[in-house]
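Any read-out appearing in this document is the output of simple, stated calculations on the displayed coordinates, not a laboratory observation. What you see is a predicted model; the values in this text were computed from it and never measured. Here the Cβ is made from the backbone with ideal geometry for all residues, glycine too, and neighbour counts use every protein chain on show.
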Amino acid sequence: MGFIGTVILVVVIVAIVLSTGYVVRQQHVAIIERLGRFHGFAGPGFHVKVPFIDVTHDVSLMTEDEHMTFDAKTSDNVTIELDVSIQYHVDSHDMDARQESGVYKSFYTLQDPVGQMQDYLADALRSQIPARTLDEVFSEKDAIAHAIDEVVAAKMRDYGYVLVTTLITRIKLPGEVQESMNHIIASKNNLESAKNDAEAARAKTVIAAQAKAEAMAAEGKGIADQRIAIARGIKESIDTIKGAEMNEGEANRLFEFTQWIDMMNQYAAKGPSTVVLPSDFGQTSSMFDQVVAAQNAPRPAGTPQAPVDPYRRSGSEGWGDAGKGGHAGCAKSHR
């Protein structure tokens, strides 16, 4: 019996030691109750309690994360589903206040903190969402989360909990609403694309018109410069002819005849064509005499000057012999 009694004594001592000592982990706190009443707190480490009299309860001080889902209706009558994430922890900054501390309140005043926060969040969301349209809910998501965080955080602090942050992680729309919104966005994008295409076409047309105007201006300047050069060349040619012992009338006739010959050459160089010529090329000089005479003939004041036809002689005289009743012949030149 001596050995058995020794074993029993050792077991009793170990049981007493185990029921007397306890360990509190880091980021936890122990609430000590003596005979059912609150006695105090115990921080991390090894502690000794009165066996069978003291009872300890472990309270975690770490931040907890909870995910919740809520339904709400916007001001434009769209029912949406919101996923909300909240982070919270027990307030441990005033443990010296004992019964007024956050640890005491969290353990003795609130039985289901997660359920209580969910009710507060649902109430706060249903006061924020109906005041906004669907577009405003998406654009002001952070503002809504901040507003409900302030309301719920103030209420939960009275129960010894600190609300770290509140996040709206997802806004789910009904299938038909989402499809309609996608169609609206696609239509807006198509409209914007059409506007961009129209602007590009307009810019292209404007640039082409500007380029054409600049080209025409340059072409006009070139033609003007060409005419100036031709006029200068004509003047120099007339001055040269005058210096060759010709009077002014003879010089003009010679120059006009030369121009007529150049004109006919250029006209014939364009390809096959038909040209009406006098039957007697010896009378071509009289044609230019008529041109000069018509230019120099005096006219009454106010009478418009009639154009001179170089192929028509005055009176009834034709291109042929007047006494023979001759008439102009027709010659075809195919160059």
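Which value results when the Cα radius of gyration for segment 2-60 is divided by 2.2 N^0.38 Å? Working shown, then result.
Values: Rg = 14.3 Å, N = 59, 2.2 N^0.38 = 10.4 Å.
The reported ratio for this selection is 1.38.
Assign unit charges at the C-beta atoms only (+1 for Lys and Arg, -1 for Asp and Glu), then state the dipole size of segment 122-177 relative to its Cα centre in Debye, rounded to the nearest 20.
Dipole magnitude for segment 122-177 comes out near 180 debye.
Put +1 on the Cβ of every Lys and Arg and -1 on every Asp and Glu Cβ in segment 53-205; which of His67, His146, Pro130 then has its Cα farthest towards the positive end of the dipole?
Pro130
Between Val164 and residues 5 or more places away or on another chain, which pairs have amide H atoms under 5 Å apart, with H built 1.01 Å from N, and which residues are they?
Under 5 Å from the amide H of Val164 lie the amide H atoms of Gln87, Tyr88, His89, each far enough along the sequence or on another chain.
For segment 1-131, just run the numbers: alpha carbon Rg, then divide by 2.2 N^0.38 Å, N being how many residues it has. Provide the component values of the computation, followed by the final result.
Details: Rg = 23.0 Å, N = 131, 2.2 N^0.38 = 14.0 Å.
For segment 1-131, the normalised Cα radius of gyration comes out at 1.64.
Per-residue HN-Hα couplings for segment 35-48, Karplus 6.51 cos²θ - 1.76 cosθ + 1.60 at θ = phi - 60°, whole Hz, x for Gly and Pro?
These are the phi-based 3J(HN,Hα) values: 6, x, 10, 4, 10, x, 10, 9, x, x, x, 8, 9, 10 Hz.
If Rh is defined by the Kirkwood formula over all Cα pairs and Rg also comes from Cα, what ratio Rg/Rh do you get for segment 64-173?
Values: Rg = 15.3 Å, Rh = 14.6 Å.
Expressed as Rg/Rh, it is 1.05.
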